[in-house]
Amino acid sequence: MKKNKSIKRKFPKILLIVGVVLMLFLLFQKNLTAFAEKFVQTSEPVAIQTPIIFVPGTNGTVNRFNGLIKTLDSKADVLKVTVATDGTVSSKGKLTSSTEHPMIVIAFKDSSDKTLPVQGKWYQLALSYIQKKYSFETYNYLGHSNGGLVITSYLEEFQQSEDPKLAKLITSGTPYNDTSEKYNEAVTSFTQLKETSDLLKGYLKNLENIPDAIKMLNIAGEVDDTASDNIVPVQSVFSGRYIYQERVAEYQEVLIQGENTSHSELVENQEIVLLLKDFFWQN
């Protein structure tokens, strides 16, 4: 009998211990949930005005347009976005709703020529990433060199219905017909190409996917009457007409001559800076 009484005395203590453990577990779970919620974005994306998205060419980084952006608007908010080869996206900087001219630079960890076929997809991943943080319905785009091919690839192959819409497009020094003399004559005015490169043939396959509301300015540089910016022939740049001229709402070509017209200098050429301001912000 004494043994049975001893068991009855210990039973309430076991219940008490179980109750304490359960309370501690629930308290721990509540604190863990609160801790996790601090790292989950619960706020709505910040609404911003129409941004300019900049994309550089081969081996260009998010710092490629620092000088140009400072010249355009030294007070502008700037978001710099980098896409890794596995598709992960990271960023530095932030945008605010009060900024008149928000600017976004998108670059790729590997922007070599060999990754050009997938850079349009990486660009789309960057857009999706940005939209989780910022809200805008339309944007303008400046692509230097292969940056012009990136947006072309995106529009033809990778654009999604939920993506913001491209309103105004400027490409500068873009080698639409490759860079070889095999395909391009040393001329600034022409009615037909010397030869159509495989690169251009690829972009001519999906023209129907290019939105027809876009307004476009296609800029070429010429150094010392060479019909080239020392890397990309003028004829190659203006071959963009075969892709865009009959597809978009407005297409213009501009030839920049004189000082600071070599390929790398085009992004800070003062004549181009004025064109950018007028085309993106005044019309």
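Brief remarks on what is shown
- The set of residues from the range 238-263 being of a type in the set (S, T, N, Q) and surrounded by fewer than 17 Cβ atoms within 10 Å (Cβ to Cβ) comprises Gln245, Gln252, Gln257, Asn260.
Yes or no, residue by residue, for (1) within 14 Å of Met216 (Cα to Cα); (2) buried (at least 17 other Cβ atoms within 10 Å of the Cβ); (3) in contact with a helix residue (DSSP H, G or I) (Cβ under 8 Å, 6 or more places away or on another chain):
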site	(1), (2), (3)
Ile130	no, yes, no
Gly143	yes, yes, yes
Ser153	no, yes, yes
Leu169	yes, yes, yes
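- Filter result for Ile210 (buried (at least 16 other Cβ atoms within 10 Å of the Cβ) and within 22 Å of the chain's Cα centre (by Cα)): yes
- Candidates Gln124, Gln159, Gln131 - the one that is within 10 Å of the chain's Cα centre (by Cα) and assigned by TED's automatic domain parsing to the domain that holds Thr96: Gln124
- Qualifying residue in the range 111-130 (condition: charged (D, E, K, R) and farther than 27 Å from Leu207 by Cβ): no
- Residue, surrounded by the fewest Cβ atoms within 10 Å (Cβ to Cβ), within the range 155-167, restricted to residues that are of a type outside the set (A, V, I, L, M) and in contact (Cβ under 8 Å) with a residue 40 or more places away in the chain: Lys165
- Subset of the range 82-98 [touching a residue at least 12 places away in the same chain (Cβ under 8 Å) and surrounded by fewer than 17 Cβ atoms within 10 Å (Cβ to Cβ)]: Ala84, Thr85, Gly87, Lys92, Gly93, Lys94, Thr96, Ser97
- Exactly one residue among Thr58, Thr71 is farther than 21 Å from Phe136 by Cβ, assigned to a loop (DSSP other than H, G, I, E, B) and hydroxyl-bearing (Ser, Thr, Tyr), and that residue is Thr58.
- In the range 82-108, the residues that are under 13 Å from the mean Cα position of the chain (by Cα) and within 27 Å of Gln282 (Cβ to Cβ): Met103, Ile104, Val105, Ile106
- Enumeration of residues in the range 73-94 that are within 24 Å of Leu275 (Cβ to Cβ), modelled with pLDDT of 95 or more and in contact with a helix residue (DSSP H, G or I) (Cβ under 9 Å, 6 or more places away or on another chain): Val78, Leu79
- So Val234, is it crowded, with 18+ Cβ neighbours inside 10 Å and out of contact with any helix residue (DSSP H, G or I) (no Cβ under 8 Å at 6 or more places or on another chain): yes
- Hey, Asn218 of a type in the set (S, T, N, Q) and within 21 Å of the chain's Cα centre (by Cα) or not: yes
The values are calculated or read from the model by the stated rules, or taken from the named source; none is laboratory data. Bear in mind that the values here come from a model prediction, so they are computed numbers and not experimental data. When we count neighbours, we look across all protein chains shown, and the Cβ atoms used for this are built from the backbone with ideal geometry, even at glycine.
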